[in-house]
Amino acid sequence: MPEHSRTHQAELQILGSGGPMHGGGRGSAAYLLRLEGMPPLVVDMGGDTPHALARVGVRPGEVGTLLISHLHPDHVSGFPDYFWGELTAGRSRALQLIAPPAGNGFPDIKTFWQRLFGPDGAYSCMSTLVSNPSFPINFLTAFARDEPVALDEALTVSTHSVEHGQAPTQAFRIDGIGFSIVFAGDQVMRDPAFVRFADGADMMVAHLIANRRIAGKPLADVVALPEDIGRTANLANIQHLVLSHLMEAPSDESGGDLWSLAALEDAVSDIRQHYSNKISVAEDLATFSIGR
Ligand SMILES: [Zn+2]
């Protein structure tokens with residue numbers, strides 16, 4: 001029998017279930033994927049992520065792979081804080097850092113890293129991260145291709161470009177033994193190619209940023225209508241849909257009524273019109289086991 005015939009125990013933990021508006025008190029988008037016998041993976045790193053990682057017991061130096069969907073601040077602003085902690089703790093474990101290509105004024109991940117931590121960067125006190133890091137860093141640009149990259153012999157990550165306004169944005173799919181999960185990222189959810197990419201996954205984390213009131217507004221070209229999340233999850237035959245990146249403005253003024261938490265029941269029922277498998281609404285630090 002091959003050594004890897006056993007099933008991975010895989011668990012998703014929500015590090016942050018919110019977005020850039022914190023009216024609901026939620027942390028910005030970030031997810032922890034725990035896999036038996038492997039260093040954990042982190043998907044996105046909003047500003048609250050370093051604290052959330054500590055709260056759920058992930059120790060400095062433990063994370064092996066960091067996947068970044070795009071470079072909007074609510075997905076990457078935890079970098080300086082997190083890596084300052086890793087430096088202070090003397091991290092030695094290699095880090096795999098997978099992020100989208102450059103485009104529309106957004107840098108690639110290596111340039112982003114230089115701008116943060118290079119000798120002329122915003123945090124030049126951390127410039128050993130560029131000149132002489134205490135741990136190997138493997139920068140991997142996720143181009144628009146679906147071929148999987150092996151993280152180890154039994155685990156692959158695939159990436160798929162998704163539509164999210166100006167920001168080059170990637171969805172991720174992670175396939176292990178006996179489980180598969182898709183992180184859909186911030187996107188409009190209207191792409192048949194994305195349906196094929198996500199096809200048959202046990203779990204999909206979808207970003208329910210807004211409610212149906214965005215229909216016909218410019219925001220609907222940047223984030224998904226709830227009904228399109230439902231259609232996509234149904235067409236891709238997802239077993240368990242986890243709704244996250246939930247947002248609430250401090251008040252209904254200036255468009256606050258457009259966000260998901262302003263009409264969460266309506267948004268979930270719009271999804272239900274098209275999708276009949278399991279739905280969970282994410283909360284910070286909630287855990288979900290993945291797979292069969
Ligand atoms: Zn976002």
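Please treat every number below as a calculation from the coordinates, not as lab data. Please read these numbers as outputs of a predicted model, since none were measured by experiment. All Cβ positions, glycine included, derive from the backbone under ideal geometry; neighbour counts span all protein chains shown.
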* **Debye log10 I(q)/I(0) for the range 81-122, one point scatterer per Cα, at q = 0.28 Å⁻¹** => -1.08
* Asked: What number, rounded to the nearest 500 deg cm²/dmol, is the helix-based mean residue ellipticity at 222 nm of the chain, given -39500 (n - 2.57) per DSSP H run of at least four residues and division by all its residues?
  -> -5500 deg cm²/dmol
* Would you work out the relative contact order for the range 7-290, in percent, from Cα pairs under 8 angstrom that are 6 or more residues apart? => 18
* Asked: By how many nm would the segment from His51 to Ala102 grow when fully extended, if each residue of separation counts as 0.36 nm and the alpha-carbon distance is taken off?
  -> 15.5 nm
* To do: Please identify, among Ser158, Ser69, Ser134, the residue showing maximal mean-square fluctuation in a Gaussian network model of the chain using a 10 angstrom Cα cutoff.
  => Ser134
* Asked: Taking springs between alpha-carbon atoms closer than 10 angstrom, which of Thr159, Thr111, Thr232 fluctuates most in the Gaussian network model of the chain?
  -> Thr111
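Can you work out D for the chain in µm² s⁻¹ from Stokes-Einstein, where Rh is the Kirkwood radius over C-alpha pairs, the temperature is 10 °C and the viscosity is 1.306 mPa s? Present the calculation step by step, with values, prior to reporting the outcome.
Working: Rh = 19.2 Å.
In µm²/s, the coefficient rounds to 83.
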* Structure fact -> To the nearest 20 debye, the range 7-290 has a Cα-centred charge dipole, built from +1 on Lys and Arg Cβ and -1 on Asp and Glu Cβ, of 360
* To do: Starting from the Cα of Ser276, step 7 Å along the direction of its Cβ; do the same at Arg196; then give the gap between the two resulting points in nm.
  => 2.7
